[in-house]
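See below for the structure under consideration.
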Amino acid sequence: MSNRLNFKIVGSGPTGILLSIALSKLDLYIYLTDLLSREQLIYQEKTYAITHSTRKILLKFGIWEKLKPYLFGFDKLSISDSVTSSFTTLRISDLDDDISAERNIGWVIKHSDLMKVFFEEIDNNSNIIFKSPQDLSQEKVIFDYKFIATGAIPINKKSNHFLYFRKKYNQSCLTFKVLLRGNLQRCAYEIFREEGPLALLPLDKNLYQIIWTSSASKSLDRLNTDKNFLMDNLSTILPDYFKLDQIVGEVNLFPVSLSINLSIFNSKKLLFVGDSFHTFHPVGGQGLNTCWRDVNNIFDILNSNSYINKNNLRFFKFKYYLSRSIDIFFTLVITDSLITFFANRNYLFIPVRKISFILLNNFLLIRKIVLNQMTKSILFKIIK
Ligand SMILES: Cc1cc2nc3c(=O)[nH]c(=O)nc-3n(C[C@H](O)[C@H](O)[C@H](O)COP(=O)(O)OP(=O)(O)OC[C@H]3O[C@@H](n4cnc5c(N)ncnc54)[C@H](O)[C@@H]3O)c2cc1C
């Protein structure tokens, strides 16, 4: 009989599925499951910003080259504050030497392209078994470890065995794609507005993904409005050189929160990964990148053992939460501070906002710190 351990991953979103691919490099059986079918998991209208730390993680797991045809890179990042009329543009020259050769600050990818490549990878791995929860329950397998990657809605928050913290921003995020007239440069935009940040991510020469944060009620009104009216509404707040042509595909709404969910007060062999472990405000496009850094740490901890057995899994949970604490703390503080200072018209914060842009526009070192922290995170050097 095989001595291989059985690991179960509940949730096959981008976190659960990358975790299955990463763990398949180890000598394990991986059982991956989701409430949704393969088609439902693939065909979703989401788009993700990809950072340099993610590039390194995907390279490590042999996925980067396969994703390359579907990635759209951007070499400029425009940051502006509509309340103080301040702006700056970060460029390739602001990147650290170890990443500047990539000639991109970041990349953007459609969810469906990402998931197609991921599922092809699963099909080529005999030790990943993807099944519905019903089919999996027929298997009579005893699982040696369970990973919960079920996304932002917690499945256990009422239990005393888990530590759950959540801050609601009373904001929601509206996402949709727009076609623009004319040829735009490969530039991403983060526009700080009184109601919340508005991000524009380039997906093609004249296709942009809009990630528009606002109060929950305003976002809902915009979701229910006519597409032409929504486009007119957006045109009034975009810089003049954006000539909107039409909205493409669906308009979606997703809730925005800051949350931490830890499974520490119990001896259960389970832990949380990705959005089910932590959620952040989408400002700065850190969400999924942070989820994939969880996957990287899980792989590293397990891979540091010459072989994986029940004994060395005993302290696995604590090693994992400890190894993720600094990165998650930084991401939490940075995203939350950006919202506290830049998503309002509070006159007390105006000097801080103006000074931030003066510093960014006049000091190369400050520009470098901001841009490289955003795209590399504090983990870049230790991702091997
Ligand atoms: C509508 C929407 C639009 C978004 N758009 C963007 C965007 O444009 N850009 C961006 O950067 N981020 C976006 N986000 C956030 C981004 O999707 C998440 O940060 C990212 O998907 C986290 O990945 P995950 O795999 O951890 O969780 P998820 O992607 O949420 O995946 C969780 C999976 O678990 C499954 N699941 C849930 N409960 C169970 C259960 N009990 N048993 C089995 N399976 C279960 C779900 O079906 C799902 O497939 C969006 C989120 C939503 C909800």
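Each reported figure results from applying straightforward, stated rules to the coordinates on display, with no laboratory input. Computed from a predicted model, the values in this text were never measured in an experiment. Note that we place each Cβ from the backbone using ideal geometry, even for glycine, and neighbour counts take in every protein chain shown.
Loop-located chymotrypsin sites (Phe, Trp or Tyr not before Pro) in segment 314-384 (DSSP state other than H, G, I, E, B) with a sparse environment of at most 14 neighbouring Cβ atoms within 10 Å: Phe315, Phe363. If you run the Gaussian network model on the chain, springs between alpha carbon atoms under 10 Å, then out of Gly287, Gly151, Gly249 the most flexible one is Gly249.
Near the amide H of Gly73, within less than 5 Å, lie the amide hydrogens of Val108, all on another chain or at least 5 residues away, with H placed in the peptide plane. What number results when the radius of gyration of the chain, computed over Cα atoms, is divided by 2.2 N^0.38 Å? Normalised Rg, Cα atoms only: 1.00.
Which order results if Thr225, Thr15 are arranged by neighbouring Cβ count within 10 Å, fewest first?
Thr225, Thr15
Among Ser80, Ser20, Ser263, Ser132, a tally of other beta-carbon atoms within 10 Å of each Cβ gives an order, fewest to most, of Ser132, Ser80, Ser263, Ser20. Each label point was placed 7 Å from the Cα along the Cα-to-Cβ direction; for Glu102 and Ile358 their separation is 3.4 nm. Placing one equal scatterer on every Cα of segment 277-317 and applying the Debye formula, the log10 ratio I(q)/I(0) at q = 0.31 Å⁻¹ is -1.04. For segment 182-220, the residues whose amide N sits under 14 Å from a probe point set 7 Å from the Cα of Arg345 along the beta carbon direction are 193-196. The long axis of helix 316-342 is offset from the longest Cα principal axis of the chain by roughly 10 degrees. Identify which of Val141, Val283, Val256 has the largest mean-square fluctuation in a Gaussian network model of the chain, with springs joining Cα atoms closer than 10 Å. Its mean-square fluctuation being the largest, the pick is Val141.
What stretch of the chain, leaving out the sites themselves, is the longest with no GluC sites (Glu not before Pro) in a DSSP loop having at most 14 other Cβ atoms within 10 Å?
Values: sites that count: Glu139, Glu194.
Maximal segment without exposed cleavage sites: 195-384.
For segment 245-299, the set of chymotrypsin sites (Phe, Trp or Tyr not before Pro) satisfying both a DSSP loop assignment and a count of at most 13 other C-beta atoms within 10 Å is given as Phe265.
Between Ser85, Ser215, Ser93, the residue with the greatest mean-square fluctuation in the GNM of the chain (Cα pairs under 10 Å linked by springs) is Ser85.
Against the chain, whose longest principal axis comes from its Cα atoms, helix 14-23 is set at around 40 degrees.
Here the Karplus relation 6.51 cos²θ - 1.76 cosθ + 1.60, evaluated at θ = phi - 60°, turns the backbone of segment 70-79 into coupling constants of 9, 8, 10, x, 10, 10, 9, 10, 8, 10 Hz, with x for every Gly and Pro.
Each listed q (0.19 Å⁻¹) maps to a log10 I(q)/I(0) for segment 182-324 from the Debye sum over equal C-alpha point scatterers, namely -1.12. Helix 350-362 axis versus longest C-alpha principal axis of the chain: approximately 90°, rounded to the nearest ten. Computed from backbone phi with θ = phi - 60° and the Karplus coefficients 6.51, -1.76 and 1.60, the 3J(HN,Hα) list for segment 129-134 is 10, 9, 9, 6, x, 5 Hz; x is used for glycine and proline. Shown here for segment 15-85: chymotrypsin sites (Phe, Trp or Tyr not before Pro) in loop regions (DSSP other than H, G, I, E, B) with at most 13 other Cβ atoms within 10 Å, namely Tyr43.
Taking the fewest neighbouring Cβ atoms within 10 Å as the starting point, the ordered list for Cys291, Cys187 is Cys187, Cys291.
May I ask for the net charge around Phe87, where only other residues with Cβ less than 11 Å from the Cβ of Phe87 are counted and Lys, Arg are +1 while Asp, Glu are -1? Don't jump to the answer; show the numbers that get you there.
Numbers: positive: none; negative: Asp81, Glu190.
Net charge in that neighbourhood comes out at -2.
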